Amino acid sequence: MEYMAEDVVWEMHNSSSGHTTFNGKAEIGKMDGSGMPEKLDFNFTNVVIQDNVAVVEGTGSGIKPDGSLYNGIFCDIYHFNNGKIMKITSYVIDTF
């Protein structure tokens, strides 16, 4: 998490769990991912970079702790300042 600013804001919009905002690295570090796969395999379909903004679109898949398969589609928008991520906005559609 050294690539994030201390006061980074992460807004997550998820088809399963709704909208959540994490404020700061400490809060992000406490994020409960207990129902998610320990390891996700990503496939990036689009990456767009302009000025201090990067957009990454893709899919992710993995095995959840209960043994079931997780599949999702995402689009993440990263805002940078002085080489650190200041804000992340994530849109995730869980397709299971």
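FYI, it's all coordinate maths here, none of it is from the lab. The structure presented is a predicted model; accordingly, all values stated were derived computationally and were not measured. So basically every Cβ, Gly included, is an ideal-geometry build from the backbone, and we count neighbours across all protein chains shown.
Annotations
- Sorted fewest first by neighbouring Cβ atoms within 10 angstrom, TYR3, TYR78, TYR70 come out as TYR3, TYR70, TYR78.
- Antiparallel %, DSSP beta bridges [both residues in the chain], to 5: 85
- Assuming charge only on the beta carbon of Lys and Arg (+1) and of Asp and Glu (-1), the dipole of the chain about its Cα centre is about 40 debye to the nearest 20.
- Phi angles of the stretch 40-52 translate, via the Karplus equation with coefficients 6.51, -1.76, 1.60 and θ = phi - 60°, into HN-Hα couplings of 10, 9, 9, 10, 8, 9, 8, 9, 10, 10, 9, 6, 9 Hz per residue; Gly and Pro are given as x.
- Residue exposure sequence - PHE42, PHE96, PHE80 - by fewest surrounding Cβ within 10 Å: PHE96, PHE42, PHE80
- Working note: Karplus 6.51/-1.76/1.60 with θ = phi - 60° gives the stretch 56-66 the couplings 10, 10, x, 10, x, 8, x, 9, 6, x, 7 Hz, where Gly and Pro are set to x.
- Counting only lysines at least 8 places from LYS87 when in the same chain, those with an alpha carbon closer than 27 Å to its own are LYS25, LYS30, LYS39.
- Here the Gaussian network model covers the chain, with springs between Cα atoms less than 10 Å apart; of THR45, THR21, THR59, THR45 fluctuates the most.
- The largest-to-smallest principal axis extents of the Cα set in the stretch 24-96 are 41, 30, 16 Å.
- From phi via Karplus (6.51, -1.76, 1.60), per-residue ³J(HN,Hα) for the stretch 90-96 in Hz, x at Gly/Pro: 10, 10, 10, 10, 7, 10, 6
- Cut-off under 5 Å, modelled amide H: who pairs with GLY24 long-range: VAL8, VAL9, TRP10
- Anisotropy class of the stretch 1-60 from Cα gyration tensor, a/c 1.5 cut: oblate
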